[in-house]
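The values are calculated or read from the model by the stated rules, or taken from the named source; none is laboratory data. These numbers come from a predicted model, not from an experiment. Please note: Cβ atoms are built from the backbone with ideal geometry, for glycine as well, and neighbour counts cover all protein chains shown. Only protein heavy atoms, including side chains, enter the accessible area calculation; ligands, DNA and RNA are left aside. Shrake-Rupley method; radii C 1.70, N 1.55, O 1.52, S 1.80 Å.
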Amino acid sequence: MNSTDTTTFSSLPLTAEFLNNLKSLGYIEMTVIQSQSLPIAIEGKDLLAQAKTGSGKTAAFAISILHKLESQTYKTQALVLCPTRELADQVSKEFRLLARAIPNTNILTLCGGKPIGPQLASLERNPHIVVGTPGRILKHLEKGSLELEALKTLVLDEADRMLDMGFYDDISLIIDQLPKQRQTLLFSATYPDEIKNISNAIQNNPGDVRVESLHDESKIKQIFYEITKNERTDTLISLLLHFQPESSVIFCNRKQQCQDLAEDLRQQGIHALALHGDLEQRQRDQVLLQFTNKSSAILIATDVAARGLDIKDLQAVINFELSQDPEIHIHRIGRTGRAGSEGLALSLYMPSETPKLIAIEKYQKRPVTVADVSTLTISDDGFKKLEPLMSTLHISGGRKNKVRAGDILGALTANKEIAGKQIGKIDILDIVSYVAVEKKIAKKSLNILSEGKIKGRKYRVRLLK
Ligand code: ADP
Ligand code: MG
């Protein structure tokens, strides 16, 4: 067999339906972590896998789990623990896409910040696969509402982040209640000592797969700018105005700083949203949704909040503050320059932080480029270029009200004042929906929807800031 054969999904012992579905999702070639992990996972062995964010770790465990799933057995066969609800939602979504080839697979997400009643009802239907956050999973185990005696596979996804967030005890308590005979898959973006330790504690002779976390140098243009303490925000604005990225994530080390920076930018006429752990879950969902549907060009985030989120097409990553850890730095900047396009990674640092630069150089095994702030030119149209393309409308009805994307689209375009192509992403949630529309028709869309009806019913509609 030549080397290309072993990197296509068809080299795995999957059914034709499964392979067809992968193909329909555009999954032909395995990513590096997938081609190294899947044979081990499918064989049934424990696995310790490390690869950077965006490398396709979800499918690396989901495909193996689905391949082994006994869909006729109505018991929970796999449990995936994730650090945050956003991640759990993303993992479930990917599971559902991958499971389209297997009729009647029941995948349930169980996270905190959500009422427990509906979760209890869903558990009655014996999900095959449960994805959730440790706290809530533990709660269900304690209540006896989640039964895991038939569990075959446990996955710790983003294990490093779960440990950072203090989930070790909850995870241990969960594991105490699992069958001893099981497969344990541990996925992590970084490889600190704690990961080795937890692996030793809960795994049995795991296969060890690590994919180099350095990025393709040609894909990311990385520049550092030296600043003094009081120049931080001004220099950041100069960077934005000079490079005018269509989409960027700005990293801060602290939650409060995210919030403050978002406000400072807004005062200067630059729209930005902050994503951090002090926001309520609902607000975090909304921020992420606005960023993904292009209603904000700038997302300001902490590492914890941004970790693992599959945000595509980032033109730039900006480090408002350097991370303490060179490995985290490399992860942050790895979010730009995906899918063939060149990314931009810009970092601010103070002279006292020079040791951090040296640590980064050592880690990435090449020197860093430092540029002078005076090289930044600020054009008049800079502010305009940073304006988001879209605005988001919030509608007080969702799936439970039988609202569908087509209904919203229909309501907006009925009187022909708005064209379909001016309408962006539509997200239908349980009891609310969101629709992105071109910024310049935001007010008009708001009027149409608030004065008119959606499928014969009136809803409250408002414009998100
Ligand atoms: P990670 O967990 O490593 O951060 P994800 O599992 O979120 O990465 O995958 C990142 C993106 O890559 C997702 O949008 C996923 O759909 C896509 N993807 C994963 N594997 C493949 C593949 N083999 N071919 C094409 N796209 C893939
Ligand atoms: Mg992941």
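Points to keep in mind about this one:
- For segment 3-210: rounded, prolate or oblate by the Cα gyration tensor [a/c cutoff 1.5]: oblate
- Segment 376-465: Rg to Rh, with Rh as the Kirkwood radius over Cα pairs: 1.08
- Carbon/sulfur fraction of accessible area - segment 296-427, other protein chains in place, 1.4 Å, %: 55 percent
- For segment 74-149, a Kirkwood hydrodynamic radius built from all Cα pairs, placed in the Stokes-Einstein relation at 25 °C and 0.890 mPa s, yields a translational diffusion coefficient of 198 µm²/s.
- Accessible surface computed residue by residue for segment 124-255, with neighbouring protein chains in place and a 1.4 Å probe, gives 45 Å² per residue.
- Extended-chain gain in nm, criterion 0.36 nm per residue less alpha-carbon gap, D169 and I223: 15.4 nm
- Order by protection proxy (mean Cβ within 10 Å, highest first), peptides 458-465, 242-249: 242-249, 458-465
- Segment 220-385 - percent relative contact order, Cα under 8 Å, separation 6 or more: 38 percent
- Only the Cβ atoms of Lys and Arg (+1) and of Asp and Glu (-1) were treated as charged; on that basis the dipole of segment 303-400 about its Cα centre amounts to roughly 500 debye.
- For segment 3-210, the carbon plus sulfur part of the accessible surface works out to 48%, probe radius 1.4 Å.
- Electrostatic dipole magnitude of the chain [Cβ: Lys, Arg +1; Asp, Glu -1; Cα centre; debye, to 20]: 2080 debye
- Taking only the C-alpha atoms of the chain, Rg followed by Dmax gives 23.3, 66 Å.
- Solvent-accessible surface of segment 390-463, averaged per residue with a 1.4 angstrom probe and all protein chains in place: 55 square angstrom.
- Entry note, the chain: the mean residue ellipticity at 222 nm calculated from DSSP H runs of n ≥ 4, each adding -39500 (n - 2.57), is -11000 deg cm²/dmol after division by the residues and rounding to the nearest 500.
- Placing a label point 7 Å from the Cα of L463 along the Cα-to-Cβ direction, the residues of segment 388-402 whose backbone N falls under 18 Å from that point are 388-396.
- Loop-resident sites, segment 95-150, for GluC sites (Glu not before Pro), counting at most 14 other Cβ within 10 Å (DSSP): E147, E149
- Residue list for segment 436-465, given a label point 7 angstrom along the Cα-to-Cβ vector of E417 and an amide N cut-off under 14 Å: 440-453
- Considering only G44, G132, L156, and ranking their Cα positions along the charge dipole of segment 3-210 that arises from unit charges at the beta-carbon of Lys, Arg, Asp and Glu, the one farthest toward the positive end is G132.
- Listed cross-link partners K255/K385; K294/K384; K75/K143 are compared with a 19 Å cut-off, the Cα-Cα value being larger for K255/K385.
- Under 5 Å, built H, 5+ apart or other chain: amide partners of T336: none
- Bridge orientation summary for the chain: considering DSSP beta bridges with both residues in this region, about 25 percent are antiparallel.
- Whether segment 220-385 is rounded, prolate or oblate, judged on the alpha carbon gyration tensor where a/c under 1.5 counts as rounded: rounded
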